[in-house]
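This report refers to the structure that appears directly beneath it.
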Amino acid sequence: MKAKRFLAAGLAAVMAFAVAACGSGSNSSSKPDKLTVVKLRHSWIPDDIMLPIVVAKQKGYYRDEGIDLQDQVGDGSATAAKLVANGEVLIGTGEASTVITSRSNGLDLVNIATQFQRNSTVLASMKSSNITSWADLKGKKISISFTSSAYAALLAALKNKGVDPKDVKFVNLPAGADLKSLPTGEIDVACVFVANIAPLDYKDDLNLLSFADAGIKWPSTGYFVSADTATKQKDLLTHWLRATLKGLQYTLDNPEDAGKLMAEAYPDVKADTIVARWKLSAPYVQGPAAETGGLGFQDKDAWLQEEADLLTAGIIKKHVDVSSAFTNEIVQAVHKGGK
């Protein structure tokens with residue numbers, strides 16, 4: 001769409017803003033007269049993963065960058081991937097595995113930043129089961145879906161810890177049934193995101209084994225766009241990501257206040273529950289990549305490991321070139337103060 005020019009108050013620079021999601025962002029630090037509409041699809045219903053984006057929206061960080069963010073709750077990252085690929089939304093959120101599997105299926109997606117730089121999946125078991133090490137998993141029943149990326153991560157973690165997958169019993173349960181079946185003894189171990197244990201009334205009775213501590217370097221939740229968008233709308237994405245990472249840093253520094261902002265945006269959300277979930281997830285935001293390139297930065301070796309593990313487990317059927325699956329260009333522009 002044709003960009004409209006306007007003169008920012010007190011500045012001589014002329015800025016261009018598109019009136020739809022395909023426009024470019026502003027170079028001005030003053031609040032613009034026109035906002036670029038950006039549509040985003042979350043991977044799931046309101047939860048702790050959404051916190052940084054909700055905070056950035058509530059505190060006006062997107063508006064400061066010239067963006068009118070119109071975000072939608074989701075029903076899975078696979079749906080978000082399809083909506084991004086067909087152009088219905090500009091940005092999607094979801095696991096790095098979603099980007100890799102989508103590319104293996106012909107969807108040309110690119111991750112522009114990673115929110116959780118370390119994999120936050122854990123194996124949860126009742127303390128009464130006395131599972132305190134990976135070796136203790138032998139002969140135990142573990143809930144897992146054979147079509148999920150978590151299955152690939154679990155196989156890799158077991159291998160790293162010297163446990164033969166044949167020595168454990170995999171139980172395929174519907175989503176959400178694992179944590180209900182754990183205290184009843186139907187299963188011995190639930191494979192879940194660590195934040196999912198926050199609302200449990202028996203969370204203090206659990207032992208946890210971390211995939212990250214078992215050598216799984218996979219990047220977790222991130223932000224993806226189409227390859228065309230990543231190439232042609234770098235300026236707009238830089239403005240969007242600057243606001244988002246500001247929201248992420250604020251959430252890390254002020255989790256209780258972030259929870260209140262989330263509850264204001266979504267009345268059905270309980271602030272204390274969201275904060276409890278976030279505090280379990282937060283340690284996975286930082287990683288070696290963040291130490292190197294700042295929040296959002298992505299580690300190629302971690303992407304390579306994930307692609308290889310997904311291929312080994314049969315989650316993807318052919319090799320995916322991960323050098324095309326993500327880019328650090330937008331992240332670097334943000335941290336260098338680029339526009």
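The values are calculated or read from the model by the stated rules, or taken from the named source; none is laboratory data. Predicted, not measured: the structure shown is a model, and the values here were computed from it. Cβ atoms come from the backbone with ideal geometry, glycine included; neighbour counts cover every protein chain shown. Heads up: the accessible areas ignore ligands, DNA and RNA and are worked out on the full protein's heavy atoms, side chains in. Shrake-Rupley method; radii C 1.70, N 1.55, O 1.52, S 1.80 Å.
Things to note:
- Around Ser149: net Lys/Arg minus Asp/Glu count, Cβ-Cβ under 12 Å: -4
- Computed helical MRE - 222 nm, the chain, DSSP H runs ≥ 4 contributing -39500 (n - 2.57), nearest 500: -10500 deg cm²/dmol
- Separation of the Thr312 and Ala265 label points, Cα + 7 Å toward Cβ, nm: 3.7 nm
- Potential lengthening between Asp213 and Glu329 on full extension [0.36 nm per residue; Cα-Cα distance subtracted]: 38.9 nm
- Surface composition of the stretch 239-339: carbon plus sulfur atoms hold 51% of the accessible area, using a 1.4 angstrom probe and ignoring ligands, DNA and RNA.
- Computed from backbone phi, the HN-Hα couplings of the stretch 309-325 come to 5, 5, 5, 4, 7, x, 5, 10, 9, 9, 5, 10, 6, 6, 5, 9, 7 Hz, rounded to whole numbers (Karplus: 6.51 cos²θ - 1.76 cosθ + 1.60, θ = phi - 60°; Gly and Pro given as x).
- DSSP beta bridges fully contained in the chain are about 60 percent antiparallel.
- In this structure the amide hydrogen of Ile144, modeled in the peptide plane, comes within under 5 Å of the amide hydrogens of Val171, Asn172, Leu173, none closer than 5 places in sequence on its chain.
- Derived scalar couplings ³J(HN,Hα) [the stretch 98-112; Karplus, 6.51 cos²θ - 1.76 cosθ + 1.60; whole Hz; x for Gly, Pro]: 5, 5, 5, 5, 5, 5, 5, 9, x, 8, 8, 9, 9, 7, 9
- Among Pro46, Pro267, Pro255, the largest mean-square fluctuation in a Gaussian network model of the chain, built with springs joining Cα atoms closer than 10 Å, belongs to Pro267.
- Lys232-Asn172 FRET efficiency (beta carbon distance; Förster radius 41 Å; 0.05 resolution): 0.45
- Binning all Cα-Cα separations of the stretch 192-339 at 5 Å, short to long from zero, yields these whole-percent fractions: 2, 8, 14, 17, 17, 17, 14, 8, 3, 0, 0.
- Accessible area (Å², per residue) of the chain, counting only protein heavy atoms and a probe of 1.4 Å: 44 Å²
- Applied to the stretch 181-188, the Karplus parametrisation 6.51 cos²θ - 1.76 cosθ + 1.60 on θ = phi - 60° returns per-residue 3J(HN,Hα) values of 8, 5, x, 7, x, 4, 10, 9 Hz, with x for Gly and Pro.
- Between amide H atoms placed 1.01 Å from N, distances below 5 Å from Gly296 occur with Thr114, all of them 5 or more places distant or on a separate chain.
- One decimal place: the segment Ser145-Glu256 gains 36.6 nm when fully extended, by the rule 0.36 nm per residue minus the C-alpha distance.
- Extension gain, Thr273 to Thr292, is 3.6 nm, computed as 0.36 nm per intervening residue step minus the present C-alpha separation.
- Cα centroid separation, the stretch 28-92 to the stretch 103-171 (Å): 30 Å
- Residue order by solvent-accessible surface for Met126, Met50 is Met126, Met50, largest first, with ligands and nucleic acids left out and a 1.4 Å probe.
- The H on the amide N of Gln70, modeled in the peptide plane, is under 5 Å from the matching H of Val38, Lys39, Leu40, each at least 5 residues off or on a different chain.
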